[in-house]
Amino acid sequence: WNTIDTVLLDMDGTLLDLNFDTFFWTEHVPLRYAEKHAMELEAAKQQLYPVFRRIEGTLNWYCVDYWSDTLGLDIAALKAEIDHLIAIHPYVTDFLDQLRQHGKTSVLVTNAHPKSLQLKFERTALHNHIEHVVCSHEFGVPKEQQDFWHRLHERLPYDNARTLLIDDSLPVLRSARQYGIGHLLAVKHPDSQLPPKDVEEFDAVRCFSEILPK
């Protein structure tokens with residue numbers, strides 16, 4: 001911690017349990033799509049899953065409005081239907097409060113659409129524990145692309161060498177590493193309902209209680 005001033009934090013799968021998003025896209029959206037088109041749930045999944053995979057990692061993948069237009073469903077309203085599944089990972093608020101107490105700058109850097117962000121903040125009050133919130137939709141590029149990091153640096157000047165990024169996305173971590181972010185941590189258990197994730201070449205957080213600043 002003596003070598004870190006700024007902490008960049010992903011939201012979904014890192015600070016928040018990815019179970020909400022996993023269930024939403026793999027079960028809830030196909031269910032509502034099947035109902036709309038009077039088809040079997042399994043047929044809806046077979047139709048939708050390839051559509052989802054084709055644009056994974058692009059800004060549209062994270063865009064509520066894009067999916068509302070593409071699928072003919074009110075995605076924001078569907079998310080609100082299951083907002084009881086939105087949950088903060090254990091020790092996250094303790095970790096964020098400790099960062100502030102130790103003089104570290106905390107920045108939420110998320111690909112989540114502003115409508116999703118608002119719903120999750122309303123449910124968790126996560127924003128009350130973080131100093132800055134940056135959404136990739138403001139820049140028009142996702143965190144997977146180098147231009148995001150250039151734009152972030154223009155918005156919030158920080159020292160790459162003294163910055164930590166914690167994120168559950170390996171492509172995002174690799175993009176940040178390419179840009180020169182000095183400290184990188186993956187998340188071992190982004191979804192509480194799924195087995196631990198293979199984080200490949202990265203060190204990983206298993207629980208935020210392990211890395212509380214001291």
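One table, with the values for the structure above:
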{"quantity": "Pairwise Lys count, the chain - Cα closer than 16 Å, eight or more residues apart or different chains", "calculated": "5"}
{"quantity": "Kirkwood Rh, Cα atoms: Rg over Rh of region 1-109", "calculated": "1.10"}
{"quantity": "Segments 51-61, 104-114 sorted - mean Cβ within 10 Å per residue, highest first", "calculated": "104-114, 51-61"}
{"quantity": "Cα-based helix-to-principal-axis angle, 146-155 vs the chain, degrees rounded to 10", "calculated": "60"}
{"quantity": "Extension gain, N2 back to A43 (0.36 nm per residue minus Cα-Cα distance, nm)", "calculated": "9.4 nm"}
{"quantity": "Semi-axis lengths, Å, region 1-45, gyration tensor of Cα atoms, sqrt of 5 times eigenvalues", "calculated": "39, 7, 6"}
{"quantity": "Directionally averaged shadow of region 71-208, computed from the convex hull of its alpha-carbon atoms, nm²", "calculated": "9.2"}
{"quantity": "For region 138-214 and region 56-121, distance of Cα centres in Å", "calculated": "16"}
{"quantity": "The chain, relative contact order [Cα under 8 Å, separation at least 6], %", "calculated": "29"}
{"quantity": "³J(HN,Hα) computed for each position of region 42-50 - Karplus, 6.51 cos²θ - 1.76 cosθ + 1.60, integer Hz, glycine/proline x", "calculated": "5, 5, 5, 4, 5, 7, 7, 4, x"}
{"quantity": "Label point distance in nm, E35-D203, each placed 7 Å from Cα along Cα→Cβ", "calculated": "4.7"}
{"quantity": "Cleavage-rule hits (GluC sites (Glu not before Pro)) in region 138-214: DSSP loop, at most 14 neighbouring Cβ within 10 angstrom", "calculated": "E200, E201"}
{"quantity": "Region 91-134, relative contact order [Cα under 8 Å, separation at least 6], %", "calculated": "50"}
{"quantity": "Length released on extending from D147 to E131, taking residue separation times 0.36 nm less the Cα-Cα span", "calculated": "3.5 nm"}
{"quantity": "Simple spin-label estimate for E154 and F23 in nanometres, 7 Å along Cα-Cβ", "calculated": "4.0"}
{"quantity": "Beta bridge orientation in the chain: antiparallel %, DSSP, nearest 5", "calculated": "5"}
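Just so you know, all these numbers are worked out from the coordinates, no wet-lab data involved. The model shown is predicted, which means the values in this text are computed figures rather than measured ones. Don't worry about glycine lacking a Cβ; one is built from the backbone with ideal geometry, like all the others, and counts go over all protein chains shown.
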